[in-house]
Amino acid sequence: MNWVGRSLRRVEDPALLRGQGRFVDDFPHRATARFVRSPLASGVIEDVRGEAFTVADLDADGVSEIVCELRRPDFVKVPQPLLARGRVRYVGEPVAVVVGSTPEEAEDLAEQVELDIRPTQPVVDLDSALAPDAPLLHPEATGGNVVVEGSFATPGLAEALASAHLVVDMEITSRRQCAMPLEGRGSVASTNPADDRTTLYASVQSPHMVRTGICDALGLPEVDLRVVAPDVGGGFGQKLPLAREDAVMVWLSRRLGTSVAWVEDRAENLSAAWHSREQRYRVKGGFDDEGRMLALEADILCNTGAWSCYPITWGVEPLMALGELPGPYRLGEYGVRSRGVCTNTCPTSPYRGVSRPVLTLAVERLMDSAAGRLGLDPAEIRHRNLPEEFPHRSPMGYYLDEGSYRQSLTAALAEMDMEDFRRRQADARSKGGRLPGLGISTFAERTGYGTPAFAARGMSVTVGYENVALAMDPSGYLTLRIGASPHGQGLHTALTQIVAEEVGVHPQRVRIISGDTDNTPYGWGSFASRSAVLAGGAAQIAARELARKIAALAAEEMEAAPEDILLDSGMATVAGTSQGRSIDELARIAHHQPQRMPKGLGPGLRTEAGYDPAGTFSNACHVAEVEVDPHTGGVQLKRFVVVEDAGRLINPMIVDGQIRGGVTQGIANALLEEVIYDPDGNILTTSLMDFLPPTAAEIPDIAIIHLETVTDSSITGAKGLGEGGAIGAPAAVINAVNDAIAHLGAEVNEMPATPERVRAAIRSAAAAIGDRADAAGAVERSEAA
Amino acid sequence: MKPAQFSYIAPETVEEVLAALAEHGDEAKVLAGGQSLVPMMNFRLARPSVIVDIGRLAADESLDGISVDEGTLRIGARVRHRQLEHFPANGLGPADGPLGSLLRGLARWVGHLPIRVRGTFGGSIAHADPAAEWCIMAQTLGAEMVVRSSTRPMRIVAAEDFFETVFTTSLEPEELLTEVRLPVLGPDWRVGFCEFARRAGDFAVVAALTALRIEDGSIVEARVGAGGVAGTPVRLRAAEAALVGAIPTPAVFHEAGLAATGEVDPSGDIHGSAGYRRDLTGVMVRRALGAESIPTPV
Amino acid sequence: MTESSITGLLESDCKTRLRLSVNGTERTVEVEPRRTLADALRDDCGLTGTHLGCEHGVCGACTVLIDGNPVRSCLMFAVQAADVDIRTVEGMASPDGTLNPLQESFMRHHGLQCGFCTPGFLLLSEAVLAARPDIDDAELREALSSNLCRCTGYQGIIDAVRAVRDAV
């Protein structure tokens, strides 16, 4: 029976649907903590008055800082105290913590704490942080506020640019984003006086890594801390790094000898959880007269915020941008400088796609712009630049395994019916009113990478591999314990399918245990589009080994050759005969009649496995159709098509859910969501009326077509795709907006492309033409008619 | 994000409400649907020490009714948005007409369904968000607010005197808004509305409401108002002047839009700069004037 | 005191005993006036299926039914809910655990991922379909725009509700 490849219903769903999910805030606790946070972006802490714990209390207990680094000379390593010491560096930085008996009381107590902070000059945006006389955020950063600076160039870059037929030079900006899982961060810590062990229920993506980080800071052996990630209400990267607050909870619980909860509220989440993707790219693309990109040069800046994040570090955005900017395109020459710049803003962490939504936007805008100047169709220029031969070596030396780059583009455009669209567009332009636009985005998504890829970054804590432990119990049911830690993706369901297929039992016989450091092997968690590939790969290895043991036992029992044993539908049968034993019976024998096991196999039925591959590349093409209202600048999504190639699909329903969710966040990045600071570093988007995640009314139905290029870069054949939707969608949407307004001479290279920015682009184009009544006015008159 | 402490009283008669307001003065806040007040309390931006809940008052024709009285429509302050959304066509009899369509149409623009289920018409008016649909309507049509207190005789406040600035009205702390009166619009009126918001259900960046009385093919009376362009909703007199006496054509509406853009002086915020709001005002006014019916959101 | 007593001034720091009718069961809680209905359900009744996502009325994760209408329970105080009929997600499935048609449809159409917004969407959907069994697609999308989901992109949710509508 094949279980892989079927849209089985999720094993995760029934409890969640009944309201029986267990999220952090649902765990009982005696006390509630609340952090007293800095109201200022930059200042010297003169005094903290009131009943609160501060860094002095942590120091008195010998608590140390959170430390992590990239081992490279340009990296600035800054140890981070769990509560602000001496200075505050962003609005929302935790300075003190209070404990009350209820959430209401904790908030009352926090209000009563007086912070005496002497304001100092903040640096908030990239330009002010890079100014020669800019105040330094960290004294360790002796070279200014640049905390990481990577560069790379192929030898022929300058020559290739100089001799190019066309050089397109543009600046691409991404405003600051926030992953904003619907459940904020939070944790409940309780300490058992009997054994002095602490249990931390925490809304995190990576419980083992969180335990390591907390124990290192607190000086605890890891055996004395159990970290459990229960049901987690979304993460998207924001719950990957170690939260200072979670470490403080463990310390508080041990100090107070009680159970204490911290449940982040929405304003805290928007201002003091991790932000992401405040980036600016200056890109120059050199093209020949047929539209082939010969050379790409880029200068990239990422605003990292005030602190590095453990363990990924504040190098993650700038260095990923540096490494992956060329995307899938064939390209001879590449040169790049990419810097991370610290500022008095909330620290940043990976958010679904990390830098790839922005770097894809940069390259896809270059492609469209070059196509426009060369009179080429946007699809044609991509066809001419996408790889045909695999593995394709990128300028940075990544090997892209086989994909369907060109085929996905062709399939997406066929689905969209381009001829029909261009007719409608011409028609709409002649009539006035809303302007249709269509945008394409083709990209590669590096997924499922293990230790080698992370080690190349020089991480002091190198993440990567995944481990699993699989056991069949005497009743013939299976338990798979995994180091990965899903939080909504449906990984449990997918893993039951993989195990069931290998072992020949029904998936309902497989239970998955995750997110508990006491009960799972050490592993890294769920992030970077990796769990299905890595935990899935490890599960397949373990299940195959277990199946081999069952087959060996069956062979022994039936006096057949092990290679003739077939495991299917709960039975072990001898091929070509009617002879068989139920797997249940064999499980019973393995446990209760171990003497009957073949030599060296028993007793019991257990396996362990790890998987640590180099990685693989998924690919996709996204096409968005929009309508731009030229008078308001408002953009409406009309259609969205995704052609995705993530190799072999384990559960197509879950895959489609991942794509649609990712695309939705990408659309939000492209049009709606923006974290905004004023020049003094005050955050202005601390509610969901100011930070604007989309509703069902802003998101169209998303059509999905699958291509399945299976390569041996992933042993299950499955490539990762959790981030792909978010990576490709912004470029498709922004290209579509530009396609809609290009005939007016207007261009938008910033996301989100808010109505005001789109309107301003149309206005300034009209002004540049010299006839203000022209661009906007002509449509206005036609609308009035 | 939990509210600060407050004492709570839920009187059973209007007189008790007024007495409580008189006793507690500006320490007190009236709680009706709570859809604006409670978010502010949860953020601790509002921290009344006494909440006077009018949700337990016995049904009261003045507070809960919708009726027509000699050319005036009376809407009780406690009428919920949802009731107006589902107010039956011709629910006001012959007086329904353009005003009835406007009420039903605008109600759907107020927040989302769960907000409309709880939130009240009077609560929205008293909250005085300058971009709120009902506030724009009250200002544009020249509504009158019926205000009661235990210390003074009932008074009637014209909309232009009622809205003072953002979230601020001329209601005294001891006063309760009980009813809003609107002029019935005869069949010769034509109403329009247009709103631009970033997402479904959000407050408008800018919204405009228009009402034209047309006689023998020309505009004889015009009311144009907008929200999101000042501390209160505003009447746009220059736009009105551009309309009165003219024949309603797209060109005239375009001129009125230009006049509207010229006469507003908004301040900017993260949802729209001053210049953008000014531009949008003209667009919204032009579209409201050209609308065949009140549009639906989404 | 066995009856709810909310007459007269309830002092800010005193707890009032209330009787709440939740999913057809009477529950007695003692709360300060400032305790929201959401917190009372979660912390005082132990019904943690109602989730808090924003506490300012935007996300809808805390949606419950009050006398059949969808309401943000973060924007209501428990003292306001003493004599109404409250329904929460815990009251949707049969006592034996059998999912109701909406729950079943959410599972079939992948209308949930992390599940945090799910209780709010289920109750919102139930109210919408009860009031408008024949609601058209555009109005359904508008009605469902009341709540936020961060995982699904909404399509699974909309498909799930549509399927229940069409099955009736």
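Structure notes:
- Checking the stretch A:98-105 against the condition returns a match, with at least one residue being under 34 Å from the mean Cα position of the chain (by Cα) and more than 14 Å from chain B (Cβ to nearest Cβ).
- Condition check for A:Glu51: in contact with a Leu (Cβ under 8 Å, 6 or more places away or on another chain) and either outside the structural domain of A:Gln540 (by TED's automatic domain parsing) or in contact (Cβ under 8 Å) with a residue 24 or more places away in the chain (or both): yes
- In the stretch A:566-604, residue surrounded by the most Cβ atoms within 10 Å (Cβ to Cβ) [restricted to those that are part of a strand (DSSP E or B) and hydroxyl-bearing (Ser, Thr, Tyr)]: A:Thr573
- Search result, residues across the stretch B:245-272 that are of a type in the set (A, V, I, L, M, F, W, C), within 9 Å of another protein chain (Cβ to nearest Cβ) and in contact (Cβ under 8 Å) with a residue 12 or more places away in the chain: B:Phe253
- Residue in the stretch A:133-141 that is buried (at least 16 other Cβ atoms within 10 Å of the Cβ), touching a strand residue (DSSP E or B) at 6+ places or on another chain (Cβ under 8 Å) and not in a loop (DSSP other than H, G, I, E, B) present: no
- Qualifying residue in the stretch C:27-47 (condition: β-branched (Val, Ile, Thr), more than 10 Å from the chain's Cα centre (by Cα) and assigned to a helix (DSSP H, G or I)): no
- Given (1) closer than 23 Å to A:Ile541 by Cα; (2) among the acidic types (Asp, Glu); (3) touching a residue at least 40 places away in the same chain (Cβ under 8 Å), index of the condition A:Glu625 fails: (1)
- For the stretch A:104-133, a tally of residues being free of Cβ contacts under 8 Å to residues at least 60 places away in the same chain and either closer than 21 Å to A:Ile45 by Cβ or in contact with a Phe, Trp or Tyr (Cβ under 7 Å, 6 or more places away or on another chain) (or both) returns 1.
Listed here are the residues, each with its yes/no results for (1) among the β-branched types (Val, Ile, Thr); (2) free of Cβ contacts under 8 Å to residues at least 12 places away in the same chain; (3) part of a helix (DSSP H, G or I).
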position: B:Asn90; (1), (2), (3): no, yes, no
position: B:Pro98; (1), (2), (3): no, no, yes
position: B:Leu103; (1), (2), (3): no, no, yes
position: B:Arg116; (1), (2), (3): no, no, yes
position: B:Ile136; (1), (2), (3): yes, no, yes
position: B:Thr140; (1), (2), (3): yes, no, yes
position: B:Ser150; (1), (2), (3): no, no, no
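- Some residue of the stretch A:697-716 being facing another protein chain (nearest Cβ under 10 Å), within 23 Å of C:Gly53 (Cβ to Cβ) and free of Cβ contacts under 8 Å to residues at least 12 places away in the same chain: yes
- In the stretch A:288-303, the residues that are charged (D, E, K, R) form Cβ pairs under 8 Å with partners that are assigned to a loop (DSSP other than H, G, I, E, B), at six or more places apart or across chains, as follows: A:Asp288/A:Ala164; A:Asp288/A:His165; A:Asp289/A:His165; A:Arg292/A:Arg330.
- For the stretch B:273-298, a residue qualifies if it is among the small types (Gly, Ala, Ser) and either free of Cβ contacts under 8 Å to residues at least 24 places away in the same chain or surrounded by fewer than 24 Cβ atoms within 10 Å (Cβ to Cβ) (or both), and the qualifying residues are B:Ser273, B:Ala274, B:Gly275, B:Gly290, B:Ala291, B:Ser293.
The rows are residues; the columns are (1) within 13 Å of chain C (Cβ to nearest Cβ); (2) crowded, with 24+ Cβ neighbours inside 10 Å; (3) more than 20 Å from the chain's Cα centre (by Cα); (4) not in a helix (DSSP H, G or I).
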| position | (1), (2), (3), (4) |
| --- | --- |
| A:His631 | no, yes, yes, yes |
| A:Val642 | yes, yes, no, yes |
| A:Gly657 | yes, yes, no, no |
| A:Arg660 | yes, yes, no, no |
| A:Val663 | yes, yes, no, no |
| A:Ile667 | yes, yes, no, no |
| A:Ala670 | no, yes, no, no |
| A:Pro679 | no, no, yes, yes |
| A:Thr686 | yes, no, yes, yes |
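- Search result, residues across the stretch A:348-364 that are closer than 20 Å to A:Arg72 by Cβ and out of contact with any Leu (no Cβ under 8 Å at 6 or more places or on another chain): A:Thr348, A:Val354, A:Ser355
- Scope the stretch C:142-161; condition in a helix (DSSP H, G or I), out of contact with any Cys (no Cβ under 7 Å at 6 or more places or on another chain), facing chain A (nearest Cβ under 8 Å) and closer than 23 Å to C:Cys74 by Cα; matching residues: C:Glu142, C:Leu144
- Scan of the stretch A:142-182 for residues that are more than 26 Å from the chain's Cα centre (by Cα) and part of a strand (DSSP E or B), ordered by number: A:Ala153, A:Leu166, A:Val167, A:Val168, A:Asp169, A:Met170
The values are calculated or read from the model by the stated rules, or taken from the named source; none is laboratory data. All values reported here derive from a predicted model rather than from experimental measurement. Positions of Cβ are backbone-derived with ideal geometry, glycine not excepted, and every protein chain shown enters the neighbour counts.
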